[in-house]
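Colleague: After the C-alpha cells below, expect a handful of questions from me.
The values are calculated or read from the model by the stated rules, or taken from the named source; none is laboratory data. As the structure is a prediction and not an experimental result, all values here were calculated from the model. A quick note on method: Cβ atoms are made from the backbone with ideal geometry, for glycine too, and the neighbour counts reach across all protein chains shown.
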Amino acid sequence: MKKHKFCSLNPKTYHLVSVYCVLRRLLFCLRAWQALLVETKEKPKMKVSVLTLGCKVNKYESDSLLNLFKQQGYEISDKLEFADIYVINTCAVTSEAEKKSRQMLARCKKFNPNAKIYVCGCASQHNPKQFEGKAQLIKGVAGKNHIAAQIKAVGDIEDVEDVPLSYEQEEFSLQSRTRAYIKVQDGCNNFCSYCIIPYLRGRSRSRKLESIIKEVENLPADIQEIVLTGINLSDYRIDGKLALIDLLEALDKFNLRMRLSSMEEVIANEDFIERLSHLKNFCPHFHLSLQSGSASVLKRMNRRYTPDEFAATCQLIRKYFPSASITTDVIVGFPNETDEEFEQTYEFIKKINFSGLHIFPYSHRSGTVASREKDLPAQIKKVRAEKLASLDKVLRSNFVKQNKRGEVLIEKCEDGKCEGFTKNYIMCHFDQEGKVGQIVEAEIIGEINGEAKAKII
C-alpha cells in the first residue's frame, strides 16, 4: 500500500499542514456563505419623492400618494432630494404657479439626471405641452390617483386625461405631523371669470360622511388637529340634505381641534355661524376670499356678493367669535381695474380690519372670460401689490397685539425652543422647551413680523 506523502513529514510539520488544510476549508465555507448572502440579500428599496405645489387639496392628495407608494414597498420622501422617481403635483392657479412647476422639474433633473420624472395635477392638464420631452405626463387631475399603481419599478405610466365626474374615493393620506388635512370636497361650480380651476377640477362633488369619519378614526395618535379642505369647501353637500355645518357637528365628537381651510361668504349666514359657535373643538380662523373690495370689479369677476354683504358677514363672525382671525385673498390688477377701483379695495380692507392678506397680481388664464380683456401693465400690478403688502404687515402686527393669551398646539421643538399656532391661527414662538403635540396655555408677550413671542403659563 502506497503511503500518503504527508506520512513522511515530521509530527510538527504534519500538524502545521493539517491546520492549514482546516483553515482553507473554513475559508471556502465562509466565501460560499458570503455568496449566498449576496444572492439572498434584499435589494435596496427604490426611493420616490412626491413634490407639491399649490393648495392644501394638492397637499392632501400628495400625502395620499406617498401612502400608496409606501404600501407598495418604496422608500418615500416629500422633499427635493436624491430619488429614483419624482412625482410633481403641479398647480395652475396662476402663470407663476405653472412657472414654479416647470422649475421644480428642472431642479429634480439636477438632483438625479437618471431619475424618472412624472407630472400630475392642474398644470399638466391645463398645458401638457410645457412638460413634453422633459417628463412623462399624467394628463388630468384624476391621473394622480393612479400613479402608484401604474408605476412598475421605473416603468411607464399610462396617460389619464379625464376629470372625474363623481367624487373618487382616495386612499387615506399619510400623516406624520400634529395636523392632518382631510379632503372632503373637490371641484367648483362657480366659474369666476378669472379662474381656470373649474375647467381642470370639474364640477363640485362631495365625499360621504361615513368615509370622512372613518379616516378621522384611523388617524395616528399624535394628530391633535384636523383641517377640512376642498376646492370649494363651502359647497360641501350630500343629496341636498347634509351640508358643511352638519359635517362639522359630526366631527366635533372627536377630541381634535378643527379648522376650515377656506370658505365662501355665501355660506356664512347666522344659522351657520351660530351653530359653529357651539362646537367645542372649532378653531375660529376664517379664511374668506374677498378678491376685490370694489363692487364693479366683483361684478366683472362674477363673484356672488357685494362689498356690503361681505362686510356684514365679517361683522356676524365677530359677533359670535370676538377674537376670530379673518384672513382673505385679494387679486390686484384685474383687467380694466381703475385707480379708483383699487382704492376702493384698499379702503375696504382697512375697514374690515383683516388679520392678514394673501395678495395675488392678476394672472391671465387662457379660456377664462377675463382672458378676453386687455391685461394691465405689470408695473401697475406691482405697485398695487406692494401697497397692499405694506398694509398686510400692519394688519398682521395689530392682530397679534390685540391678543393676550390662548391655547397653542406645539408643532416644532428645537434647541430648547418651540413653536405652534393658537386656535385663532397666531404663530407663537417660545424660548422654552416643549413637547410636539402638546397643547399649552400661552401668554403673548411681544410681536415680531406678524408673529407672537410667547411664554408657556
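Colleague: Among the helices (runs of 4 or more DSSP H) confined wholly to the stretch 180-269, which include 3 or more residues that are among the hydrophobic types (A, V, I, L, M, F, W, C)?
Modeller: Qualifying helices (runs of 4 or more DSSP H): 209-217, 244-251.
Colleague: Something else: Of these, SER366, SER355, SER397, SER390, which one is among the hydroxyl-bearing types (Ser, Thr, Tyr), exposed (fewer than 13 other Cβ atoms within 10 Å of the Cβ) and modelled with pLDDT of 95 or more?
Modeller: Only one candidate passes the filter, namely SER390.
Colleague: Looking at the stretch 356-382 only, could you name the residues that are closer than 27 Å to CYS314 by Cβ and out of contact with any helix residue (DSSP H, G or I) (no Cβ under 7 Å at 6 or more places or on another chain)?
Modeller: Passing the criteria: HIS358, PHE360, ALA370, LYS381.
Colleague: Looking at the stretch 298-355 only, could you name the residues that are in contact with an Asp or Glu (Cβ under 9 Å, 6 or more places away or on another chain) and of a type in the set (S, T, N, Q)?
Modeller: THR313, ASN336, THR345
Colleague: In this structure, does LEU219 turn out to be surrounded by fewer than 21 Cβ atoms within 10 Å (Cβ to Cβ), touching a Leu at 6+ places or on another chain (Cβ under 7 Å) and at pLDDT below 95?
Modeller: So LEU219 does not fit the description; no.
Colleague: Condition first: within 29 Å of the chain's Cα centre (by Cα), surrounded by 21 or more Cβ atoms within 10 Å (Cβ to Cβ) and assigned to a loop (DSSP other than H, G, I, E, B). Now tell me which residues in the stretch 285-309 satisfy that.
Modeller: LEU290, SER292, GLY293, ARG303
Colleague: Follow-up. Could you please tell me which pairs satisfy a Cβ distance under 9 Å, a separation of 6+ or placement on different chains, a first residue in the stretch 367-385 that is in the same structural domain as THR338 (by the TED database) and on the phi > 0 side of the Ramachandran plot, and a second residue that is in a loop (DSSP other than H, G, I, E, B) and at pLDDT below 95?
Modeller: GLY367/ILE196
Colleague: Return the pairs, sorted by first residue and then second, in which the second residue is part of a loop (DSSP other than H, G, I, E, B), the first residue lies in the stretch 62-78 and is of a type in the set (Phe, Trp, Tyr), the beta carbons are less than 8 Å apart, and the residues are 6+ apart or on different chains.
Modeller: Hits for this filter: TYR74/LYS45; TYR74/MET46.
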